[in-house]
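The next block holds one structure in the form of structure tokens; read it before the comments.
The values are calculated or read from the model by the stated rules, or taken from the named source; none is laboratory data. All values derive from a computational prediction rather than experimental measurement. When we count neighbours, we look across all protein chains shown, and the Cβ atoms used for this are built from the backbone with ideal geometry, even at glycine. Note: accessible area is taken over every heavy atom of the protein model, side chains too, but ligands, DNA and RNA are not part of it. Shrake-Rupley method; radii C 1.70, N 1.55, O 1.52, S 1.80 Å.
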Amino acid sequence: MMEILKGKKEIWTYNYQAGTQYELYRVPLKKSKYKGLKFRDVTMILYHKKGIFLIALEVLIANQLKVFVNPSEYIFENCDHFGYVIYNQ
């Protein structure tokens with residue numbers, strides 16, 4: 001039984017250490033670059049061109065900031081947005 005627990009601890013430790021290499025950032029996404037594209041398409045563009053993972057979107061709606069996690073069908077409108085991205089240095 002101790003061998004099983006020891007193995008799980010090693011896996012957990014490895015996964016934790018690997019995860020510490022990633023950082024979360026809030027970045028501006030300019031309307032001129034992404035207008036008319038879906039969130040999922042912008043996610044793929046950022047991943048392939050810059051190696052970052054777009055996971056959420058911050059949008060100003062009726063003078064309130066709203067944060068949406070993975071709004072895959074969201075279409076970027078004629079306004080600036082902020083994205084939350086994960087980046088591995």
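Taking amide hydrogens as placed 1.01 Å from N in the peptide plane, the amide H of D80 sits under 5 Å from those of K31, each at least 5 positions away in sequence or on another chain.
Straight-line reach from K38: taking Cα to Cα under 20 Å and skipping same-chain neighbours fewer than 8 places apart, the aspartates and glutamates in range are E58, E73, E77, D80. With a simple spin-label model that places each label point 7 Å from the Cα along the Cα-to-Cβ direction, the separation between E23 and N88 comes to 1.6 nm.
Measuring nothing but protein heavy atoms, the accessible surface of the chain at 1.4 Å probe radius is 58 percent carbon and sulfur.
Between amide H atoms placed 1.01 Å from N, distances below 5 Å from A56 occur with N70, Y84, all of them 5 or more places distant or on a separate chain. Other residues whose C-beta falls under 11 angstrom from the C-beta of E77 contribute a net charge of +1, scoring Lys and Arg +1 and Asp and Glu -1. Couplings for region 49-60, taken from phi via the Karplus curve 6.51 cos²θ - 1.76 cosθ + 1.60 with θ = phi - 60°, read 8, 10, x, 10, 9, 7, 10, 8, 9, 10, 10, 8 Hz in order; Gly and Pro are left as x.
Rolling a 1.4 Å probe across the protein heavy atoms gives the chain an accessible surface of 77 Å² per residue. Residue by residue, region 78-89 carries 3J(HN,Hα) couplings of 7, 8, 6, 10, 10, x, 9, 10, 10, 10, 9, 7 Hz when phi is fed to the Karplus relation 6.51 cos²θ - 1.76 cosθ + 1.60 (θ = phi - 60°); x denotes Gly or Pro. Length available on full extension from L37 to E10: 0.36 nm per residue minus the Cα-Cα distance, which gives 5.5 nm.
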